[in-house]
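Below is one structure; the comments refer to it alone.
The numbers here are math on the coordinates, done by the rules we state, and not lab data. Since we're looking at a predicted model, the values are computed, not measured. Neighbour counts run over all protein chains shown; Cβ positions are idealised from the backbone, glycine included.
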There are 2 protein chains.
Amino acid sequence: MAELKKKAAYNVAIAGATGAVGETFLQILEERNFPIAELKLLASKRSVGKELTFKGKTYKVEELTHDCFEGVDIALFSAGGGRSLEYAPSAVKAGAVVIDNSSAYRMDKDVPLVVPEVNPEDAFKHKGIIANPNCTTIIMLVALKPLYDYSKVKSVVVSSYQSTSGAGAQAMEELMNQTKAWAKGEDITVEKFAHQILFNVIPHVDSFTDNGYTKEEMKMFNETRKMLHDDEILVSATCVRVPTLSAHSESVTIETVDPISPEKARELFAKAPGLQLLDDPSNNKYPMPLFVAGGDDCFVGRIRTDISRPNSLAFWVVGDQLRKGAATNAVQIAELLIK
Amino acid sequence: MAELKKKAAYNVAIAGATGAVGETFLQILEERNFPIAELKLLASKRSVGKELTFKGKTYKVEELTHDCFEGVDIALFSAGGGRSLEYAPSAVKAGAVVIDNSSAYRMDKDVPLVVPEVNPEDAFKHKGIIANPNCTTIIMLVALKPLYDYSKVKSVVVSSYQSTSGAGAQAMEELMNQTKAWAKGEDITVEKFAHQILFNVIPHVDSFTDNGYTKEEMKMFNETRKMLHDDEILVSATCVRVPTLSAHSESVTIETVDPISPEKARELFAKAPGLQLLDDPSNNKYPMPLFVAGGDDCFVGRIRTDISRPNSLAFWVVGDQLRKGAATNAVQIAELLIK
């Protein structure tokens, strides 16, 4: 078992520092006052020299190379799966613990996949790399875990409402540019998504697999099983892109072994870490992406007995996918390691 | 059994002619060349005198009163449930057959609830009033029926992505106004929805009932049972408003008595009336509201075996809720009666 040596402060590197998640890493590390000795911002060649601010100090972006991890204790990766596969082993060789936000290592048997509210103990079983789960899966599991601890969950049906920033900063800009173009009566440009996203919904997130599900949808199946250490739970997901800027929403129904009443579910949700209960629909109070974006907690509401089958519960969960769905979760994993 | 006397052309009245559905009634009647002798456009007092065009001719809106239906053969109502309850009996008394788009009579035992592709035979059992189902239910049932005819469906889990025009023309304008305001950096005004709809999704369509479902969600449960004449089928719906202009999308999974493979489902969908198969995801082809809006057919795609339980199928269906979800369906009912 590899272990991070305890120190007063750590040398931290961020690989992919100029991306949407990379910039959120900086915010989260600053907000949570993570004990940083030296900070290294890494990106591909074309971003080298770009300046980013952390705690009022300006940092120049350096090139992500095999030799750039010397002296680094913790390397947070969010530079795409290809770069993780290429450079994470170099970081480990240099003595760093890698927390990787890409999908590259998630299903690797030697790599723990961790949501601190769900399976914190797994983080300590790493061999140098810990994987950060898919954003949509993290948000669902923060709500699923307290129910799962009360009764085993047999199956999940989930439909998502995923925001454009989940596809990166440029994808979010595409929605904003389409919005401005439409308001001016100009032609709408489509580049980042397969189709216009303004005034549209696209049932297509990530690429398609042979069974008709997308990779994103299968991540929800496979990553849920891995984190719950349960190879019987079944998850059917439909992942859909919607014209929102930040935060993913999910309509979830679960079938449990023992019944869970809405009252019991509210009680379990209310005391669950990382989760806020917002379930007062008659006063128009339920989670929505516009209001959840920017925070670290996930919000759950619309809790009711699912009337389509026995022992079934329906709820609606929303979380900021750049924060809890990515950067916050990774930093929380780092916090576990240094505690 | 009341019957409409066969004629070469019919006197048709539209109650609620100035609303979003009312104006769509006019378009559909013109497009389908419905045999109209005289056309009467009815609305509340404040719209009296407003002019609307039908087949190039201008018609003045008259006041909806108890005495305005004399000589009318077919009255298409879309003026809200309260006005249907008040004026539909007067229309029936005057000898008209009422096709009512509101929810007022849908669950009335003496009133057939009809989607022509689903239960056309019920239309002929009317006692003067025929109800047009809820838009979200119609769209789902056009896709569900061919599967149901192949194998009984035990349960349905559906999450909707409903467009703003489903809440009326002014609600759609609210989205457009919020879009323009955002683009100009101006304050955003919220009136028609409980919250800002631009860059947001709102898990709240219609008002909430005691079991935690909304009325809209329970319509999908109750109306599905009534039209399929099946008091065992269970439907759990989560209805969500999204920032699109027209056409509702639905993520559906069903559990069937006999298994239905995706190949068999595609075969059944392909020959179903009112439905178009668009299921070529590897070429980015699947139904989307931006492209389905404006047509009468519903579109189905993303067809796959639901991996969360046995004998289960997942699919995605999109339809224009003002057309097939309201006006087209009502006019098709009228066409059944005069055939």
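Remark: relative contact order (the stretch A:62-219) = 13 percent; criterion is Cα-Cα distance under 8 angstrom and separation of 6 or more residues. Spin-label model, residue A:335/residue A:109: points 7 Å from Cα along the beta carbon direction are separated by 3.3 nm. Return the tail of the calculated pair distribution for the protein assembly as shown, meaning the percent of Cα-Cα pairs more than 31 Å apart. Here the tail beyond 31 Å accounts for 55 percent of pairs. For the residues A:57, A:285, A:192, a GNM of chain A with alpha-carbon springs under 10 Å puts the largest fluctuation on A:57. Here's the list of lysines a cross-link from residue B:40 could span, going by alpha-carbon distance under 27 Å and ignoring same-chain residues fewer than 8 apart: B:5, B:6, B:7, B:50, B:55, B:57, B:60, B:93, B:125, B:127, B:324, B:339. Using the Cβ-Cβ distance between residue B:191 and residue A:186 with R0 set to 22 Å, the FRET efficiency from 1/(1 + (r/R0)^6) comes to roughly 0.20. Max-minus-min Cα coordinates of the stretch B:137-321 on each principal axis give 55, 43, 28 Å, with the largest extent listed first. Projecting 7 Å from Cα along the Cα-to-Cβ direction, the label point of residue A:185 sits 2.3 nm from its equivalents in the other copies, listed shortest first.
Shown is the FRET efficiency for residue B:150 and residue A:127, computed with R0 = 60 Å from the Cβ-Cβ distance and rounded to the nearest 0.05: 0.75. Across identical copies of the chain, residue A:168 has label-point separations of 4.3 nm, listed in ascending order, with the point defined 7 angstrom from Cα along Cα→Cβ. A viscosity of 1.567 mPa s and a temperature of 4 °C, combined with the Kirkwood radius over C-alpha pairs in the Stokes-Einstein formula, give chain A a diffusion coefficient of 63 µm²/s.
Structure remark: mean-square fluctuation, Gaussian network model of chain B, C-alpha springs under 10 Å; the largest value among B:310, B:146, B:243 belongs to B:310. Between residue A:45 and residue B:67, the simple label model (points 7 Å from Cα in the Cβ direction) yields a spacing of 8.7 nm.
Across the copies of the chain, residue A:110 has label points (7 Å from Cα along Cα→Cβ) spaced 7.7 nm apart, shortest distance listed first.
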